[in-house]
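Colleague: Handing you this structure, nothing more for now.
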């Protein structure tokens, strides 16, 4: 799935994104946040988040936004290009869902989806998924730099 999404992003002219950026992008969908807040939500080091966030800023997928209540805070939000990347990723995943649904049928597809969602809750990570605060996997080499 990740490879298909990354290929679709590149085909749409959205270059430079990697799998590890997705954790930050997902959290930024909730709203603007500082590197410290992102690190706390994702359970990774602030230094690792700062590095990946700088990449997203340099690539144009995120942008600094002013904080009306505290000028010392430096929150970051998704830019128009970042929101476009989310849109392309969602469209790609929806297309894959449709293909799988066509192969297995709608009832089996929904049953599998329900089991997977129940599995997330059984593993006590369903809430983190719903809050878009999923910690990067420790064994993923592309995300190892984000690990605490």
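Only the coordinates and a few stated rules stand behind these numbers; no lab work does. The structure presented is a predicted model; accordingly, all values stated were derived computationally and were not measured. Here Cβ is always computed from backbone atoms with ideal geometry, including for glycine, and neighbour counts include all displayed protein chains.
Colleague: How fast does the stretch 2-145 diffuse by Stokes-Einstein, in µm²/s, taking the Kirkwood radius from C-alpha pairs at 25 °C and 0.890 mPa s?
Modeller: Numbers: Rh = 16.5 Å.
The Stokes-Einstein estimate is 148 µm²/s.
Colleague: Helix 2-11: angle to the longest alpha-carbon principal axis of the chain, degrees 0 to 90, nearest 10?
Modeller: Around 70 degrees separate the two axes.
Colleague: Determine, for each peptide in 69-76, 51-58, the mean count of other beta carbons within 10 angstrom over its residues, then list the peptides with the highest first. All intermediate terms of the calculation are to be shown ahead of the outcome.
Modeller: Working: 69-76: 12.1, 51-58: 17.4.
The peptides rank, most packed first, as 51-58, 69-76.
Colleague: While we're on this one: Within 10 Å, count the other beta carbons around each residue, average over each peptide in 83-92, 20-29, 97-106, and list them highest first.
Modeller: On the way: 83-92: 17.1, 20-29: 20.8, 97-106: 11.6.
Descending packing order for the listed peptides: 20-29, 83-92, 97-106.
Colleague: For the stretch 70-120, take N as its residue count and report Rg(C-alpha) divided by 2.2 N^0.38 Å.
Modeller: Details: Rg = 17.5 Å, N = 51, 2.2 N^0.38 = 9.8 Å.
Rg over 2.2 N^0.38 Å, computed on Cα atoms: 1.78.
Colleague: Taking 8 Å as the Cα distance limit and 6 or more residues as the minimum spacing, I'd like the relative contact order of the stretch 2-145 as a percentage.
Modeller: Numbers: 139 pairs, mean separation 43.2, N = 144.
Relative contact order, the stretch 2-145: 30 percent.
Colleague: Label-point separation (nm) for residue 7 and residue 77, each offset 7 Å from Cα along Cα-to-Cβ?
Modeller: 3.5 nm
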